[in-house]
Amino acid sequence: MNTLALPLISAILMGLGATLTFDLWALFLKRAFKITPSNICLVGRWLRYMPEGTFTHSNIGSAPPKRAECTVGWIAHYMIGITFALVFVALVGNNWLQHPTLIPAIVFGVVTVLAPFAIMQPSFGLGFAASKMSNPTQARVRSLMNHTAFGIGLYLFALLLNWLLTVN
């Protein structure tokens, strides 16, 4: 396999796995602590309004639903995870892929929380870092925990890929 294909495939698989880790963590929080997970369908609604020229909402929850918004939201959610993983692999390089360490992955996961804080939440009408929500601290902590889980997922799936490559 050429030198670009393996890191690219690894990043895609790590992005899928890290996003799955994010989702499983959110499911755990819901079941164990009754913490409502993020509504991924709203991501789809936001994206489905964009072709009409609507990029921000005063309250996306009260915007009329769009056809296939949940499907679009879930696809976008995993594509965003893959994109983040591609950026991460581009930043850390092949050496990290061959010898993954936890701290860079967690730090990167934490940094990715800037996307919902600075882009998605304001665009949804929730304010910067959920400042307009009834309990912004809870929303911020939930986002931070989810994105930390994403970083842990990057690390775990890098370990899994390394193990699979060495088993052959």
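The values are calculated or read from the model by the stated rules, or taken from the named source; none is laboratory data. No experiment lies behind these values; they were computed from the predicted model shown. Counting neighbours? That spans all protein chains shown, and the Cβs are built from the backbone with ideal geometry, glycine included.
Below, the figures for the structure above:
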read-out	value
Residue in the stretch 107-123 that is surrounded by fewer than 16 Cβ atoms within 10 Å (Cβ to Cβ), hydroxyl-bearing (S, T, Y) and over 17 Å from P37 (Cβ atoms) present	no
Sole exception among (1) out of contact with any Pro (no Cβ under 8 Å at 6 or more places or on another chain); (2) farther than 30 Å from T166 by Cα; (3) surrounded by 12 or more Cβ atoms within 10 Å (Cβ to Cβ) for K30, by number	(1)
Close pairs from the stretch 77-91: first under 15 Å from P116 (Cα atoms), partner of a type outside the set (A, V, I, L, M, F, W, C) and part of a helix (DSSP H, G or I), Cβ under 6 Å, at least 6 apart	Y78/T19; G81/G15; G81/T19
Any chance T137 is over 30 Å from W163 (Cα atoms) and among the polar types (S, T, N, Q)	yes
Residue within the stretch 48-61 that is among the basic types (K, R), part of a loop (DSSP other than H, G, I, E, B) and free of Cβ contacts under 8 Å to residues at least 60 places away in the same chain present	no
So M50, is it of a type outside the set (V, I, T) and exposed (fewer than 12 other Cβ atoms within 10 Å of the Cβ)	yes
Residue match in the stretch 75-86 (condition: closer than 24 Å to G127 by Cβ, exposed (fewer than 14 other Cβ atoms within 10 Å of the Cβ), out of contact with any His (no Cβ under 7 Å at 6 or more places or on another chain) and modelled with pLDDT of 95 or more)	no
Test result for A5, free of Cβ contacts under 8 Å to residues at least 12 places away in the same chain and exposed (fewer than 15 other Cβ atoms within 10 Å of the Cβ)	yes
Candidate set from the stretch 117-140 (those that are part of a loop (DSSP other than H, G, I, E, B) and modelled with pLDDT under 95); member that is farthest from A63 (Cα to Cα)	N135
Any hit, the stretch 99-116, residues being over 26 Å from Y49 (Cα atoms), among the polar types (S, T, N, Q), at pLDDT below 95 and not in a helix (DSSP H, G or I)	no
Selection count where residues are crowded, with 18+ Cβ neighbours inside 10 Å and closer than 19 Å to L27 by Cβ, scope the stretch 124-144	3
Looking only at the stretch 33-47, and only at residues there that are touching a residue at least 40 places away in the same chain (Cβ under 8 Å) and crowded, with 21+ Cβ neighbours inside 10 Å, the one that is farthest from the chain's Cα centre (by Cα)	W46
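Residue-by-condition table, conditions (1) among the charged types (D, E, K, R); (2) modelled with pLDDT under 95; (3) touching a Leu at 6+ places or on another chain (Cβ under 9 Å); (4) farther than 20 Å from L161 by Cβ:
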| residue | (1), (2), (3), (4) |
| --- | --- |
| N2 | no, yes, no, no |
| R45 | yes, no, no, yes |
| C70 | no, no, no, yes |
| V92 | no, no, no, no |
